Amino acid sequence: MDARSQILDSIRKSLKRGPLGEAAAAGPAGRIASHAPGLIPARTTTLDAKGLGDLFVRMAEEVQATVTRVAAPADVPGAVAEYLTSHNLPADLTMAPDPTLDVYPWDDRPLLRIRRGRAQDLDQVSVTGAFAAIAETGTLMLISGNDRPTTLNLMPDTHIVVLRADQVVGPYETAWQRLRAEQAGNAQPGNTMPRTVNFITGPSRTGDIEQRIQLGAHGPRRLHIVLVEGPDAKTA
Amino acid sequence: MQPTSHAFKANVRDALDDNTLQRALGNMKTGFIGKRAAAVARLPEFEALRDQGRAIKNHTLENLDFYLETFERNVTNAGGHVHWARTAEEARQLILGICRTVDAKTVTKGKSMISEEIALNDFLEAEGLVPVETDLGEYIIQLRHEAPSHIIAPAIHLLKGQVEEVFRATHTDLPADRPLGEVHELTDEARSVLRKQFLQADVGITGANFLIAETGSTVIVTNEGNGDLTQTLPKIHIVLASLEKVVPTLEDATGILRLLARSATGQEFSTYTTFSTGPRRPGDPDGPGEFHVVLLDNGRTAMLGTEFQDMLRCIRCSACLNHCPVYQSVGGHAYGWVYPGPMGSVLTPSLIGVKEAGNLPNASTFCGKCESVCPMRIPLPKMMRHWREREYEQGLSPAPFRAGLKLWAFFAKRPKLYRFGAGLAARLLGRLSGGTGRFTKLPLAGGWTGGRDLPAPEGKSFMQQWQARRREAA
Ligand code: SF4
């Protein structure tokens, strides 16, 4: 017997039953079809949009991410430039080809030298958008795609994420819901999920030597978030 | 790795005498335990989430065949491949076969306990490949040719001076006079050395914390980001996972993720939690060209339906190790195989046999701390008792122990005689201790009194006191 059949056989033997018949399979199949959320912590469930934004910022800062809150899309390039200057970082950026980043007036800051594309080895700073942000734990959710290279989230020393206030949700479950809704639009078979979904909570770290936390183990040493609030944010 | 679990007692003696190890273990008590307690206190729903986690896994295990087949179908739909391995050898051969298709030389690796379980590195090296561990702790112990001593902090038994030593001996192309005494210098050096390996690797191998049946996704959780670089940069990503890692839906994984980091390191959430579904899509600017999942059984399906089924709920958080007084005293290597601490004492006999590992379930004070912190509510002490019973049934316990137990059973079945004997013994032993209330030495009990005093009975036996009280009350 081949390995696959034998393993499945062994499972059924241990469970003292044969393969699930149609009726018995209805339970697990229904569980998958409904993918119902489980218990959601009350930490976020009573908060309004403002409260979610505040909680997200507090939780992200707790894990050593830094956040600049700006009032309008027009302020984003300035906030990025100021962050780079204040940390003595070069003004060379690798930015995701993501069109949602095009709404920010980068030309206002001619000193920023911007390349669009995936990350190369020696890139120092990357700029990406995000799919959502989870206030519950200060976590960013980024998804891969043609114009959203995963390498930008991982390789450069500094990762800057431009986030809109309406992307901040309470629990992970709301983010899954939004992702399912978006993916339903382009549902090729097998593409119910993007290839990569990165949940990122603070900059890279390790405690592997004597349990002392060091930032920047393999991923970015710095994670900076520009949070766009204000009435214009939604259209951005 | 060759198990030395049978030599547990000798291993323990060595561990207790090892001053460096004892200092390194001291770091653990202040770290993991306090941080976990604080994180749990911040989440009022934690206990309810434990119940939910247990229910999710129990449901999945009862329908394991269904969920694995669903997982497989969805991996295939996303353009990936699932391979089934009954044994460690089958898994090793499958992985080698995949590596050979691209003539792989360098193979980077994210941290995976299953890879340790099947001793993958030694095998790949013998086949002429170069496996490179990329988790900082795993990298350090790979350079030292050691096994991990902890399931999430593999180098917890080491001090920074030992890391400096092995880095200097290995990274000989770097200036000999560079400063390397500080933890951040060591971390930076590992980062730059390993970045080159990530870029030249042909294949990246990771483990998986979860497999999602609904979407065919695999999930890894790291703090360093090494697992992500391992799986994103090479041509091929191989996921090596044992089959009980499957859960039905994204929401199910999410619920359990709320327990994992808090129980492990006391973090609200680990830095990187990554869901991977299939290979690079048309038009994607990065990502692996092929996506393979090797599903390993290696004894697990045989645990289903037995008194050890609950162990298959384990999410490898390490809380039971961190809180175990035995682990805290001797560290992980003494357990002699891949999985240490309470979870290892239950799992190891299941995977390599009670004959080799029968000592481990005895390495417990039955304080119950492990079960009380286990996020999946696994009844670890109960299962250790089951192993003791099996060890006894198979005639593997030492002769004096068996004789003693027989003698006790003889009296226990004869209550009158038992009570008489116990009363007599209590008086006699009380007198023999000379009124000090304890024995520092006792014939036939040297194993006990060698390490601690035996309290001497004082006064009357329990049954005598009980009857006296009943008389008073009447
Ligand atoms: S047995 Fe429980 S506490 Fe121990 S590693 Fe597994 S899940 Fe964590």
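The values are calculated or read from the model by the stated rules, or taken from the named source; none is laboratory data. Computed from a prediction, not measured in an experiment: that's the story for all the values here. Ideal geometry is used to build each Cβ from the backbone, glycine not excepted, and the neighbour counts take in all protein chains shown. SASA here: full protein model, heavy atoms, side chains in, ligands and nucleic acids out. Shrake-Rupley method; radii C 1.70, N 1.55, O 1.52, S 1.80 Å.
Unpartnered cysteines of chain B (Cβ-Cβ under 4.7 Å counts as a partner)?
Those would be B:CYS99, B:CYS314, B:CYS317, B:CYS324, B:CYS367, B:CYS374, since no other cysteine Cβ in chain B comes under 4.7 Å of theirs.
Quickly work out the B:THR170-to-B:ASP14 label distance, labels modelled 7 Å from Cα along the C-beta direction, and quote it in nm with one decimal.
Calculated label separation equals 2.1 nm.
Angle between the Cα long axis of helix A:172-185 and the longest principal axis of chain A, 0 to 90 degrees, nearest 10?
Value to nearest ten degrees: 80.
Per residue and in cubic angstrom, what volume does the convex hull of the Cα atoms of the range B:48-201 have?
Details: hull volume 25.9 nm³, N = 154.
Hull volume over Cα atoms, normalised by residue count, gives 168 Å³.
By how many degrees, 0 to 90 and rounded to 10, does the Cα axis of helix A:76-86 deviate from the longest principal axis of chain A?
So the inclination is approximately 70 degrees.
What pairs in B:LYS9/B:LYS109; B:LYS196/B:LYS235; B:LYS416/B:LYS460; B:LYS111/B:LYS245; B:LYS111/B:LYS235 have C-alpha atoms more than 25 Å from each other?
Working: B:LYS9/B:LYS109 33 Å; B:LYS196/B:LYS235 15 Å; B:LYS416/B:LYS460 16 Å; B:LYS111/B:LYS245 15 Å; B:LYS111/B:LYS235 19 Å.
Beyond 25 Å between Cα atoms: B:LYS9/B:LYS109.
What's the buried accessible area, both sides, between B and A using a 1.4 Å probe, rounded to 100 Å²? Write down the numbers at each step before the final one.
Numbers: alone 22820 and 13710 Å², together 28920 Å².
Buried: approximately 7600 Å² between A and B.
Counting heavy atoms of the protein chains only and a 1.4 Å probe, report the per residue accessible area for chain A as a whole number of Å². Write down the numbers at each step before the final one.
Numbers: 9820 Å² over 236 residues.
Spelled out: the 1.4 Å probe surface of chain A, per residue, equals 42 Å².
Under the definition of partner shielding as Cβ atoms of other protein chains within 10 Å of a residue Cβ, what is the mean value for peptide A:139-148? Provide the component values of the computation, followed by the final result.
On the way: counts 5, 0, 2, 1, 1, 9, 4, 5, 3, 3.
For this peptide, the per-residue mean of nearby foreign Cβ atoms is 3.
For chain B, give the percent of accessible area contributed by carbon and sulfur heavy atoms, probe 1.4 Å, rounded to a whole number.
With neighbouring chains kept in place, the figure for chain B is 55 percent.
Once you have the Kirkwood Rh of the range A:85-150 from its Cα pairs, apply Stokes-Einstein at 37 °C and 0.692 mPa s and quote D in µm²/s. Write down the numbers at each step before the final one.
Details: Rh = 13.3 Å.
After rounding, the answer is 248 µm²/s.
Could you check the simple spin-label distance between B:GLN93 and A:ARG178, using points 7 Å along Cα→Cβ, in nm with one decimal?
4.9 nm
On a 1.4 Å probe surface of the protein chains, which of B:ARG42, A:ARG222, B:ARG470 comes out largest in accessible area, and what is the full order?
Numbers: B:ARG42 105, A:ARG222 70, B:ARG470 150 Å².
Per-residue accessible area, sorted high to low, gives B:ARG470, B:ARG42, A:ARG222.
May I ask for the Kirkwood hydrodynamic radius of chain A, worked out over all distinct Cα pairs and given in angstroms to one decimal? Kindly include the intermediate steps, with their values, before the conclusion.
Numbers: mean 1/r = 0.0499 Å⁻¹.
Taking every pair of different Cα atoms in chain A, averaging 1/r and inverting gives 20.0 Å.
Compute the long axis of helix A:22-34 from its Cα atoms, compare it with the longest principal axis of the Cα atoms of chain A, and write down the angle in degrees, 0 to 90, nearest 10.
Taking the Cα atoms of chain A, the angle to A:22-34 is about 10 degrees.
Two decimals, Cα atoms only, Kirkwood Rh: what is Rg/Rh over the range A:1-89? Please report the intermediate quantities before stating the final value.
On the way: Rg = 25.8 Å, Rh = 19.2 Å.
On the Cα set of the range A:1-89, Rg over Rh gives 1.34.
If DNA, RNA and ligands are ignored and the probe is 1.4 Å, what is the ranking of B:PHE291, B:PHE410 by accessible area, most exposed first?
Details: B:PHE291 0, B:PHE410 90 Å².
Descending accessible area places them as B:PHE410, B:PHE291.
Using the Karplus curve 6.51 cos²θ - 1.76 cosθ + 1.60 with θ = phi - 60°, work out ³J(HN,Hα) for each residue of the range A:45-62 in order, rounded to whole Hz, and write x for Gly and Pro.
Rounded to whole hertz, the list is 6, 9, 8, 8, 4, 4, x, 5, x, 4, 5, 4, 5, 4, 5, 5, 5, 4.
Probe 1.4 Å, all protein chains in place: accessible area of B:HIS59 in Å², nearest 10?
50 Å²
Which whole number gives the average, over all residues in A:38-48, of C-beta atoms from other chains lying within 10 Å of the residue C-beta?
Working: counts 13, 8, 5, 8, 3, 4, 0, 0, 0, 0, 0.
Averaged over the peptide's residues, the number is 4.
Quick test of the membrane-span-like rule: which DSSP H helices of chain B reach at least 30 Å along their long axis (C-alpha atoms) with mean Kyte hydropathy at least -0.5? Write out the running numbers ahead of the final one.
Numbers: long enough: B:19-41 (34 Å, 0.00).
Qualifying helices: B:19-41.
Would you mind computing, in nm to one decimal, how far apart the modelled labels at B:THR101 and B:ALA48 are, each placed 7 Å from Cα along Cα→Cβ?
About 4.7 nm separates the two model spin labels.
Between B:ALA55 and A:ALA49, what FRET efficiency comes out of the Förster formula 1/(1 + (r/R0)^6) with R0 = 22 Å and r the beta carbon distance, rounded to 0.05?
Values: r = 33 Å, r/R0 = 1.51.
Result of the calculation: an efficiency of 0.10.
Normalised by the residues of chain B, what does the relative contact order come to in percent, with Cα pairs under 8 Å and at least six apart? The partial results should precede the final answer.
On the way: 783 pairs, mean separation 95.5, N = 474.
Normalised by residue count, the contact order of chain B is 20 percent.
Using a 1.4 Å probe on the protein chains only, how many percent of the accessible area of chain A belongs to carbon and sulfur? If you can, show how the numbers build up before the last one.
Working: 5250 of 9820 Å².
The computed percentage sits at 54.
Counting partner chain Cβ atoms within 10 Å of every residue's Cβ in B:245-257, what's the average? Show your work: numbers first, answer last.
Working: counts 0, 0, 0, 5, 9, 12, 11, 6, 2, 9, 6, 1, 3.
Mean shielding count: 5.
What are the equivalent ellipsoid semi-axes of the protein assembly as shown, built from the alpha-carbon gyration tensor (square roots of five times its eigenvalues), in whole angstrom, biggest first?
Working: eigenvalues 478, 160, 144 Å².
Values for the protein assembly as shown, descending: 49, 28, 27 Å.
Pull up all non-local amide H partners of A:VAL67: gap of 5 or more, or a different chain, and H-to-H distance under 5 Å with H placed in the peptide plane.
So A:VAL67 has HN proximity to A:ILE225.
With both partners inside the protein assembly as shown, how many of the DSSP beta bridges are antiparallel, as a percent to the nearest 5?
On the way: 25 of 75 bridges.
So the antiparallel bridges in the protein assembly as shown amount to around 35 percent.
Across the range A:204-210, in residue order, what do the Karplus-derived ³J(HN,Hα) couplings come to in whole Hz, using 6.51 cos²θ - 1.76 cosθ + 1.60 with θ = phi - 60° and x for Gly and Pro?
Once θ is set to phi - 60°, the couplings for the range A:204-210 become 3, 7, 9, x, 6, 9, 6 Hz.
If I take all pairs of Cα atoms in the range B:287-371, what percentage of them are more than 15 Å from each other? Walk me through the numbers on the way to the answer.
On the way: 2179 of 3570 pairs.
That fraction is 61 percent.
Classify chain B: rounded, prolate or oblate, from the alpha-carbon gyration tensor (a ≥ b ≥ c, eigenvalue square roots; a/c under 1.5 rounded; otherwise prolate if a/b is larger than b/c)?
Taking the square roots of the gyration eigenvalues as a ≥ b ≥ c, chain B is prolate.
Pull up all non-local amide H partners of B:VAL293: gap of 5 or more, or a different chain, and H-to-H distance under 5 Å with H placed in the peptide plane.
B:HIS81, B:VAL82, B:HIS83, B:VAL239
Between A:ASP2 and A:ALA71, how high is the FRET efficiency from 1/(1 + (r/R0)^6) when r is the Cβ-Cβ distance and R₀ = 60 Å? Nearest 0.05.
Working: r = 63 Å, r/R0 = 1.04.
Taking R0 as 60 Å, the efficiency between A:ASP2 and A:ALA71 is 0.45.
How much net charge surrounds A:ARG43 when only the other residues with a Cβ under 15 Å from the Cβ of A:ARG43 are counted, with Lys and Arg +1 and Asp and Glu -1?
Numbers: positive: A:ARG58, B:ARG42, B:ARG258, B:ARG262; negative: A:ASP48, A:ASP54, A:GLU62, A:GLU136, A:GLU173, B:GLU45, B:GLU268.
Around A:ARG43, the surrounding residues sum to -3.
What FRET efficiency comes out for B:LEU424 versus B:GLU472 if R0 is 25 angstrom and r is the Cβ-Cβ distance? Round to the nearest 0.05.
Working: r = 23 Å, r/R0 = 0.92.
The value I calculate is 0.60.
Would you mind getting the Kirkwood hydrodynamic radius of the range B:5-121 from its Cα pairs, rounded to one decimal in Å? Mind showing how you got there, number by number?
Numbers: mean 1/r = 0.0510 Å⁻¹.
Here the Kirkwood hydrodynamic radius works out to 19.6 Å.
Per-residue HN-Hα couplings for the range B:119-132, Karplus 6.51 cos²θ - 1.76 cosθ + 1.60 at θ = phi - 60°, whole Hz, x for Gly and Pro?
Values per residue, Gly and Pro as x: 6, 5, 4, 4, 5, 5, 4, 4, 8, x, 8, 10, x, 10 Hz.
For A:ASP147, B:ASP286, give me the order by solvent-accessible area with a 1.4 Å probe, most accessible first, ignoring ligands, DNA and RNA. Display every interim value, and only then the final one.
On the way: A:ASP147 40, B:ASP286 0 Å².
Output order, biggest surface exposure first: A:ASP147, B:ASP286.
Evaluate the relative contact order of the range A:1-127 (contact order divided by residue number), counting alpha-carbon pairs under 8 angstrom at least 6 apart; express in whole percent.
Details: 74 pairs, mean separation 22.6, N = 127.
After rounding, I find 18 percent.
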